[in-house]
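**Q** Take this structure, written in structure tokens, and hold onto it; I'll ask about it next.
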Amino acid sequence: MEPNINIASAASSFPLGGGRMRIVVLGAGESGVGAAYLALQRGYDVFVSDFGGIAANYKKQLEDWNIRFEENKHSEGQILTATEVVKSPGIPEKAPIVKKLREKNIPVISEIEFAGRYTDAKIIGITGSNGKTTTTSLTYHILKNAGLNVGLAGNIGKSFAYQVATEKFDTYVLELSSFMLDDMYQFKTDIAVLLNITPDHLDRYDYKFENYAASKFRISQNQTEADYFIYCADDPEIIKGMADHELKAQLLPFSIQKKVETGAFLSNDNIVINIHQQHFEMSITELALQGKHNIYNSMASGIVSKVLELRNPLIRESMSNFKNIEHRLESVGKISGISFINDSKATNVNSTWYALESMTSDVILILGGVDKGNDYSMLKDLVRQKVKAIVCLGKDNKRIHEAFEGDVDIIVNTYSAQEAAQVSYHLAEKGDTVLLSPACASFDLFKNYEDRGRQFKQAVKEL
């Protein structure tokens with residue numbers, strides 16, 4: 001359905017000064033096109049530039065809205081005259097056009113920062129190296145089932161900016177990546193969730209872990225005493241980072257290693273949450289999401305729910321009937337007694353560790369892709385315990401061979417999802433699990449991790 005735009009009334013709500021302010025949007029994916037629409041609605045002069053090709057569906061939207069755009073180039077004459085630039089999170093700081101914008105002191109912000117100016121909805125922001133999509137989806141599921149007027153956005157679902165322009169949600173649950181947080185300045189979350197911090201995307205942070213950790217802590221910026229900061233008390237990097245940041249929000253920890261007075265902890269296989277005289281308990285055997293990492297994810301979502309004072313039976317029901325997202329430990333099926341699992345969303349080593357940790361059978365592990373400076377040492381113990389063979393899926397698998405040649409007898413190279421599925425099937429025996437959990441980005445052989453996951457699922461169906 002085509003949304004209505006009233007340019008005149010929208011423009012009058014924003015100070016335009018002597019002429020219309022120019023917003024340039026870099027990147028014409030979901031977030032960029034959404035930001036362009038919101039900017040148009042708010043009376044800006046909008047120009048969209050993408051250094052690559054623009055997908056047909058997004059191009060049509062821009063044409064339908066009469067928004068000027070270019071693809072396969074960045075025209076500096078158009079871009080460097082902007083009042084402000086909204087940058088796609090996928091564009092690195094070292095991109096030449098971003099460097100030139102910085103030199104000219106033109107503000108560069110994220111879609112989330114831009115959209116946040118135009119909504120007074122309650123914001124729940126969730127970040128972490130692993131588990132953020134699952135926790136965001138679970139939190140949204142609980143809130144929606146509770147009857148809240150809630151939107152889902154950020155790194156998941158429809159663009160936040162587009163929803164701010166077209167919907168009237170009272171609450172948003174946002175999955176926030178470090179790349180999004182990097183370009184956020186005035187934006188504030190009412191409830192911030194920091195799940196964990198482990199090495200990821202270090203290629204974007206000068207290969208310095210402390211830079212990446214500092215990026216994650218930006219989720220707490222601008223919070224006040226009226227806000228909440230929910231965090232994993234078992235994560236040493238979070239505890240270290242908290243000592244370096246002045247946190248004004250109310251602190252709500254969660255732990256499976258120790259009891260906490262306020263927050264969530266594990267007692268006799270029960271999740272226990274205590275907040276403001278509110279008490280919640282649920283057996284971990286009743287959770288829809290199993291595995292140690294999912295206890296943490298469920299605790300975080302449960303704390304958010306109790307901060308919002310949702311009823312216990314409703315939280316319990318939602319946590320027990322939640323269906324996990326596609327490409328995250330997704331069961332693809334069973335052939336000749338061999339289980340196939342698609343965990344293509346595991347684009348870093350820690351995600352793969354969590355996936356292996358939850359396996360209860362022998363595993364044929366499909367690993368590989370674009371290595372972002374991975375340290376595979378944390379996987380070695382689990383590989384020795386559970387993995388019979390590693391099937392590499394990527395153009396360059398040298399580092400995987402070097403990392404695991406002393407831990408597993410069989411390491412095979414493959415160069416397509418179909419080949420990886422076939423080789424894994426022949427290596428597996430009845431009762432084994434073939435696990436696609438690559439620990440790497442997908443851009444060498446696939447468009448993205450979704451494309452990798454779907455090609456794998458199709459390949460399994462064709463076995």
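**Q** Solvent-accessible area per residue for segment 124-178 at a 1.4 Å probe radius, Å²?
**A** Values: 1480 Å² over 55 residues.
It amounts to 27 Å² per residue over segment 124-178.
**Q** Here is a further query. Can you list the lysines whose alpha carbon is less than 17 Å from that of LYS258, not counting same-chain residues fewer than 8 positions off?
**A** Within the straight-line cut-off, LYS258 pairs with LYS292.
**Q** Taking the Cα centre of each part, how many Å lie between segment 231-251 and segment 55-118?
**A** 33 Å
**Q** Just subtract the alpha-carbon distance of GLU71 and GLN186 from 0.36 nm times their residue separation and send over the number in nm, one decimal.
**A** Numbers: separation 115, 0.36 × 115 = 41.40 nm, distance 3.01 nm.
Answer, rounded to one decimal: 38.4 nm.
**Q** Classify the chain: rounded, prolate or oblate, from the alpha-carbon gyration tensor (a ≥ b ≥ c, eigenvalue square roots; a/c under 1.5 rounded; otherwise prolate if a/b is larger than b/c)? Write down the numbers at each step before the final one.
**A** Numbers: a/c = 1.80, a/b = 1.27, b/c = 1.42.
Judged from the Cα gyration tensor, the chain comes out oblate (a/c at least 1.5, b/c at or above a/b).
**Q** Nearest 10 degrees, 0 to 90: what angle lies between the long axis of helix 449-461 and the longest principal axis of the chain (Cα atoms)?
**A** Compared with the principal axis, the helix lies near 40 degrees.
**Q** Over 30 Å between C-alpha atoms is what I'm after, so list which of LYS59/LYS100; LYS59/LYS461; LYS132/LYS447; LYS94/LYS395 land there. The partial results should precede the final answer.
**A** Numbers: LYS59/LYS100 26 Å; LYS59/LYS461 33 Å; LYS132/LYS447 22 Å; LYS94/LYS395 25 Å.
In this structure, LYS59/LYS461 lie more than 30 Å apart at Cα.
**Q** What's the center-to-center distance, using Cα atoms, between segment 426-463 and segment 331-409 in Å?
**A** The distance from the Cα centre of segment 426-463 to that of segment 331-409 comes to 11 Å.
**Q** Now for a different question. Can you give me the long-range amide H partners of PHE322? Hydrogens built in the peptide plane at 1.01 Å from N, cutoff under 5 Å, separation of 5 or more residues or another chain.
**A** Counting only residues 5 or more places away or on other chains, the set is ALA288.
**Q** Report the equivalent ellipsoid semi-axes for segment 236-379 in whole Å, largest first, defined as the square roots of five times the eigenvalues of the gyration tensor built from alpha carbon atoms.
**A** On the way: eigenvalues 186, 94, 32 Å².
Three semi-axes, in Å: 30, 22, 13.
**Q** So if R0 is 41 Å, what FRET efficiency would ASN145 and PHE443 give, r being the distance between their Cβ atoms, rounded to the nearest 0.05? Walk me through the numbers on the way to the answer.
**A** On the way: r = 36 Å, r/R0 = 0.88.
FRET efficiency, ASN145 to PHE443: 0.70.
**Q** State the percent of C-alpha pairs, over all pairs in segment 116-247, separated by a distance greater than 18 angstrom. Mind dumping the intermediate values first?
**A** Details: 4535 of 8646 pairs.
More than 18 Å apart: 52 percent of the Cα pairs in segment 116-247.
**Q** Another one. May I ask you to give the solvent-accessible area per residue for segment 409-463, in square angstrom, as obtained with a 1.4 angstrom probe? Write out the running numbers ahead of the final one.
**A** Details: 2730 Å² over 55 residues.
So segment 409-463 comes to 50 Å² accessible per residue, rounded to a whole number.
**Q** For segment 285-361, run through the GluC sites (Glu not before Pro) and keep only the ones in DSSP coil with at most 16 other Cβ atoms within 10 Å of their Cβ.
**A** Working: sites: GLU286, GLU309, GLU317, GLU326, GLU330, GLU357; in loops: GLU309, GLU326.
Those that pass, being in a loop and sparsely packed, are GLU309, GLU326.
**Q** Could you pull out the chymotrypsin sites (Phe, Trp or Tyr not before Pro) across segment 296-348 that fall in loop regions by DSSP (anything but H, G, I, E, B) with no more than 11 other Cβ atoms inside 10 Å?
**A** Details: sites: TYR296, PHE322, PHE340; in loops: PHE322.
The qualifying sites: there are none.
**Q** Just grab the label-to-label distance for ALA226 and GLU419, each label 7 Å out from Cα along the Cβ direction, in nm (one decimal).
**A** About 5.9 nm, to one decimal.
**Q** Using each residue's phi in segment 342-359, evaluate 6.51 cos²θ - 1.76 cosθ + 1.60 at θ = phi - 60° and report the 3J(HN,Hα) Karplus result to the nearest Hz, with x for Gly and Pro.
**A** Those phi angles translate into 9, 10, 4, 5, 6, 9, 9, 4, 4, 4, 5, 4, 4, 5, 4, 4, 8, 6 Hz.
**Q** Then there is this: Tell me the angle of helix 132-145 to the major Cα principal axis of the chain, expressed in degrees between 0 and 90 and rounded to the nearest ten.
**A** The angle comes out near 70 degrees.
**Q** Could you check how much of the accessible area of the chain is carbon and sulfur, as a whole percent, using a 1.4 Å probe? Walk me through the intermediate numbers first.
**A** Values: 9420 of 19680 Å².
So the carbon and sulfur contribution to the accessible surface is 48 percent.
**Q** Taking the DSSP beta bridges in segment 322-416 as the whole, what percent of them are antiparallel, to the nearest 5? Kindly include the intermediate steps, with their values, before the conclusion.
**A** Working: 5 of 15 bridges.
Of the beta bridges lying entirely in segment 322-416, close to 35 percent run antiparallel.
**Q** Run through segment 60-104 and list the GluC sites (Glu not before Pro) located in a DSSP loop whose Cβ has at most 16 other Cβ atoms within 10 Å. If you can, show how the numbers build up before the last one.
**A** Working: sites: GLU63, GLU70, GLU71, GLU76, GLU84, GLU93, GLU103; in loops: GLU93.
Those satisfying the criteria are GLU93.
**Q** Next question, about the same structure. Would segment 337-463 count as rounded, prolate or oblate if I go by the C-alpha gyration tensor, calling it rounded below 1.5 in a/c and otherwise prolate when a/b exceeds b/c, oblate otherwise?
**A** rounded
**Q** Rounded, prolate or oblate: which fits segment 58-157, taking a ≥ b ≥ c as square roots of the Cα gyration tensor eigenvalues, rounded meaning a/c under 1.5, else prolate when a/b beats b/c? Please list the in-between numbers first.
**A** Details: a/c = 2.34, a/b = 1.85, b/c = 1.26.
Because a/c hits 1.5 or more and a/b exceeds b/c, segment 58-157 counts as prolate.
**Q** Which cross-chain or sequence-distant (5 or more) residues have an amide H under 5 Å from the amide H of VAL25, H modelled 1.01 Å from N in plane?
**A** For VAL25, the qualifying residues are PHE47, VAL48, SER49, VAL86.
**Q** How much accessible area does MET21 have with a 1.4 Å probe, in Å² rounded to the nearest 10?
**A** Its accessible surface works out to 50 Å², give or take rounding.
**Q** For the Cα atoms of the chain, what angle does the longest principal axis make with the long axis of helix 292-307, in degrees from 0 to 90, nearest 10?
**A** 40 degrees
**Q** Next up: What distance in nm separates the two pseudo spin-label positions at LYS334 and GLU450, each 7 Å out from Cα along the beta-carbon direction?
**A** 3.0 nm
The values are calculated or read from the model by the stated rules, or taken from the named source; none is laboratory data. Treat the numbers as computed from the prediction; the structure is a model and nothing was measured. Glycine also receives a Cβ, built like all others from the backbone with ideal geometry; neighbour counts cover every protein chain displayed. Surface areas here come from the heavy atoms of the whole protein model, side chains and all, with no ligands, DNA or RNA. Shrake-Rupley method; radii C 1.70, N 1.55, O 1.52, S 1.80 Å.
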